[in-house]
Amino acid sequence: MRRFIDIMLPLAVAALVLGFWQWAVTQWQVPVYVLPAPSAIAAAFVNNFSSLMAALTATFLITVAGFAGAVAAALALAILFSQSRLIERSLYPYAVILQVTPVVAIAPLILIWIGFEHITLALALLAGLIAFFPVLTSTMLGLKSVDFNLMDLARLYGASRWQRLWKVQLPSALPYLLSGMKTGGVIALIGEVTAEFVAGSGTATGLAWRITESSNRLEIATTFAALALLALLGVAIFAALSLLEWALLRRWHESALRA
Amino acid sequence: MISLNGIAKHFPNSTQALRDLSFKVSEKEFVSLLGPSGCGKSTALRLVAGLLAPDSGSVQYPHGKPEIGFVFQEPTLMPWADALTNARLPLDLKHLPRGEAEARAMEALARVGLKGFERAYPRELSGGMKMRVSIARALAAHPQLLLLDEPFAALDEITRNALGDDLLRLWREDGLTVLFVTHSVSESSYLSQRVLVMTPRPGHIAADITLPSGRDGRLSPATIAAQRQISDALNGAGALA
């Protein structure tokens with residue numbers, strides 16, 4: 001029953017807001033290039049269905065590729081740091097600098113270096129750059145938060161460095177990695193959209209490009225349709241990562257038991 | 001089996017944990033290392049296990065280094081793995097074939113009374129049961145020497161007594177050598193054959209008491225007499241001051 005209410009209440013709010021929106025736009029005759037009615041947005045969605053879906057697919061694939069690369073790189077670097085304090089101290093400041101520099105500021109350079117003929121690669125790289133840091137820091141924290149007695153025990157039983165990493169450190173860092181991935185996955189999408197905006201109109205790619213293009217032509221209903229898809233994509237990414245977290249931690253981790 | 005000779009050990013903050021610590025433990029003996037908190041008895045146990053190296057002095061195994069089982073004060077289990085996988089850890093680390101490792105871990109769990117709980121995760125087990133998994137893990141390695149660092153300190157008295165009796169049974173059945181760190185006079189008086197009383201800052205052995213046999217109960221006159229003897233030694237060493 002609680003569950004049912006948890007689903008029904010937000011849906012009721014959505015119905016109310018959309019209903020009011022539809023009514024207000026009609027009642028006050030708001031121009032369609034300022035605020036289209038929900039029905040107009042739905043129509044724009046249907047009329048542009050194939051091109052919107054192509055854009056959604058492009059944005060999704062680029063984001064996922066960038067994010068996957070970021071997770072792999074962050075995990076590898078966090079493991080490297082956990083094995084050598086010297087390497088950590090030498091390289092970590094650069095990881096911080098990379099993060100505090102806004103991705104929008106690096107985007108033009110990346111686009112020029114990689115070139116517009118490889119635009120998807122450039123966009124994926126920018127999405128990955130922004131997702132990289134939260135995954136790195138949380139995985140580093142996880143690898144450091146390992147139970148020291150358990151590590152001692154592994155040493156006592158003659159575990160190699162690799163065995164300690166694989167059997168003890170990585171599993172205990174898993175909740176931290178997954179939490180970093182939830183943050184990283186969502187901001188990878190932000191990075192991808194930002195990069196598409198910077199790449200501009202010459203490069204027909206994903207949803208952000210559709211937003212720029214349709215608003216330039218004052219097809220605001222299409223803009224809204226693309227925006228709605230973008231929001232849905234963000235929700236889907238977060239939901240998928242939450243599901244992954246639940247599936248991997250539900251048997252043993254406190255966070256998955258309370259939820 | 002173990003011989004510690006003139007051991008000194010400083011903590012990283014340079015306070016001296018142990019000074020001129022020397023004692024021997026013979027094969028199949030049950031020895032308690034008794035002392036107040038902070039007297040360095042856990043440090044001594046880690047030295048015996050080879051997890052720490054002494055600043056000076058030596059830890060020797062005259063007949064070669066035995067297979068060691070270690071039980072911490074906390075159960076120190078892997079929360080992501082079930083009881084069987086936890087008990088199997090030492091064997092997995094030694095690359096035993098999976099089937100053999102599993103069989104030995106099952107047997108060890110059964111011996112500590114956890115038959116039927118092989119697939120339970122640590123969070124599903126009580127404090128006492130978690131400690132039993134921890135003991136099973138130590139047993140699965142088929143140790144000759146069992147090192148326990150205040151293993152029952154965090155448990156309630158009823159559970160503590162039950163686990164103490166189980167430990168005695170396992171010691172007798174397997175012909176183990178046990179070095180048992182504790183701060184409980186009653187526990188050491190009942191369980192061990194010999195009690196090494198340690199004084200703190202820096203820790204060393206203040207008394208080496210061999211207890212008479214025939215302490216066949218926690219409240220038997222012989223056990224009570226042993227308690228008095230150990231308490232007197234602690235008082236004499238100024239440890240209770």
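Restricting attention to the stretch B:2-27, the residues being surrounded by fewer than 21 Cβ atoms within 10 Å (Cβ to Cβ) and either in a strand (DSSP E or B) or in contact with a Leu (Cβ under 7 Å, 6 or more places away or on another chain) (or both) number 13.
Here residue B:191 does not fit the description of being within 14 Å of the chain's Cα centre (by Cα), under 20 Å from residue B:19 (Cβ atoms) and among the hydrophobic types (A, V, I, L, M, F, W, C).
Taking the stretch B:192-216, which residues are in a loop (DSSP other than H, G, I, E, B) and either surrounded by 14 or more Cβ atoms within 10 Å (Cβ to Cβ) or touching a residue at least 24 places away in the same chain (Cβ under 8 Å) (or both)?
Filtering the stretch B:192-216 for residues in a loop (DSSP other than H, G, I, E, B) gives B:192-193, B:200-202, B:211-216.
Residues satisfying the conditions are B:192, B:193, B:200, B:201, B:202, B:211, B:215.
Exactly one residue out of B:7, B:2 is touching a Phe, Trp or Tyr at 6+ places or on another chain (Cβ under 7 Å) and aliphatic (A, V, I, L, M): that is B:2.
One residue stands out in the stretch A:168-186 among those that are surrounded by fewer than 20 Cβ atoms within 10 Å (Cβ to Cβ) and β-branched (Val, Ile, Thr): the one that is nearest to the other protein chains (Cβ to nearest Cβ), namely A:183.
The condition (being without any contact (Cβ under 8 Å) to a residue 40 or more places away in the chain, touching a Pro at 6+ places or on another chain (Cβ under 8 Å), surrounded by fewer than 18 Cβ atoms within 10 Å (Cβ to Cβ) and of a type in the set (A, V, I, L, M, F, W, C)) is satisfied by just one residue among A:21, A:28: A:21. Of note, residue B:205 satisfies the criterion of being modelled with pLDDT under 95 and in contact with a Leu (Cβ under 7 Å, 6 or more places away or on another chain).
In this structure, residue B:107 does not qualify as assigned to a helix (DSSP H, G or I), in contact with a helix residue (DSSP H, G or I) (Cβ under 7 Å, 6 or more places away or on another chain), more than 12 Å from every other protein chain (Cβ to nearest Cβ) and surrounded by fewer than 20 Cβ atoms within 10 Å (Cβ to Cβ).
Does residue B:141 count as buried (at least 22 other Cβ atoms within 10 Å of the Cβ), at negative phi and out of contact with any Lys or Arg (no Cβ under 7 Å at 6 or more places or on another chain)?
Yes.
Of the numbered criteria (1) facing another protein chain (nearest Cβ under 10 Å); (2) in contact with a Leu (Cβ under 8 Å, 6 or more places away or on another chain); (3) not in a strand (DSSP E or B), the one residue B:74 fails is (2). Return the total of residues in the stretch A:96-110 being touching a helix residue (DSSP H, G or I) at 6+ places or on another chain (Cβ under 6 Å) and either of a type in the set (Val, Ile, Thr) or free of Cβ contacts under 8 Å to residues at least 60 places away in the same chain (or both). The total comes to 4.
Taken together, the residues in the stretch A:144-162 that are without any contact (Cβ under 8 Å) to a residue 24 or more places away in the chain, within 18 Å of residue B:95 (Cα to Cα) and more than 9 Å from chain B (Cβ to nearest Cβ) amount to 2.
Yes or no: residue B:112 of a type outside the set (S, T, N, Q) and either within 20 Å of residue B:194 (Cβ to Cβ) or at pLDDT below 90 (or both)? Let's see the steps before the verdict.
Details: of a type outside the set (S, T, N, Q): yes; either within 20 Å of residue B:194 (Cβ to Cβ) or at pLDDT below 90 (or both): no.
Answer is no for this residue.
How many residues are buried (at least 20 other Cβ atoms within 10 Å of the Cβ) and touching a Ser or Thr at 6+ places or on another chain (Cβ under 8 Å) when one looks only at the stretch B:28-40? Give the derivation first.
Taking the stretch B:28-40 as the starting set, the residues that turn out to be buried (at least 20 other Cβ atoms within 10 Å of the Cβ) are B:30-35, B:39-40.
Now narrow it down to the ones that are touching a Ser or Thr at 6+ places or on another chain (Cβ under 8 Å): B:30-35, B:39.
Within the stretch B:28-40, residues that are buried (at least 20 other Cβ atoms within 10 Å of the Cβ) and touching a Ser or Thr at 6+ places or on another chain (Cβ under 8 Å) number 7.
Residues of the stretch B:121-159 being facing chain A (nearest Cβ under 10 Å) and outside any helix (DSSP H, G or I), which ones? Within the stretch B:121-159, B:121, B:141, B:147, B:149 meet the criteria. The single condition from (1) surrounded by fewer than 13 Cβ atoms within 10 Å (Cβ to Cβ); (2) farther than 20 Å from residue A:185 by Cα that residue A:100 fails is (2). Taken residue by residue, the stretch B:49-67 has no member that is more than 22 Å from residue B:142 (Cβ to Cβ), under 16 Å from the mean Cα position of the chain (by Cα), within 14 Å of another protein chain (Cβ to nearest Cβ) and not in a loop (DSSP other than H, G, I, E, B).
Within the stretch A:127-143, how many residues turn out to be within 22 Å of residue B:77 (Cβ to Cβ) and away from every other protein chain (no Cβ under 14 Å)? Explain how you work it out, then say what you get.
Within the stretch A:127-143, the first condition is being within 22 Å of residue B:77 (Cβ to Cβ), and the residues that meet it are A:141-143.
Applying the additional criterion that residues be away from every other protein chain (no Cβ under 14 Å) yields A:141, A:143.
The number of residues fulfilling the criteria is 2.
Could you tell me whether any residue of the stretch B:113-131 is under 18 Å from residue B:28 (Cβ atoms) and surrounded by fewer than 20 Cβ atoms within 10 Å (Cβ to Cβ)? Explain how you work it out, then say what you get.
First pass over the stretch B:113-131, keeping only residues under 18 Å from residue B:28 (Cβ atoms): none.
No: the stretch B:113-131 contains no residue that is under 18 Å from residue B:28 (Cβ atoms) and surrounded by fewer than 20 Cβ atoms within 10 Å (Cβ to Cβ).
Taken over the stretch A:191-213, the criterion of being out of contact with any helix residue (DSSP H, G or I) (no Cβ under 7 Å at 6 or more places or on another chain) and either in a helix (DSSP H, G or I) or among the polar types (S, T, N, Q) (or both) is satisfied by A:213 alone.
Per this entry, residue A:244 is counted among residues that are touching a residue at least 12 places away in the same chain (Cβ under 8 Å), loosely packed, with under 15 Cβ neighbours inside 10 Å, more than 14 Å from chain B (Cβ to nearest Cβ) and assigned to a helix (DSSP H, G or I).
The values are calculated or read from the model by the stated rules, or taken from the named source; none is laboratory data. Small disclaimer: the values here were computed from a predicted structure and weren't measured. Counting neighbours? That spans all protein chains shown, and the Cβs are built from the backbone with ideal geometry, glycine included.
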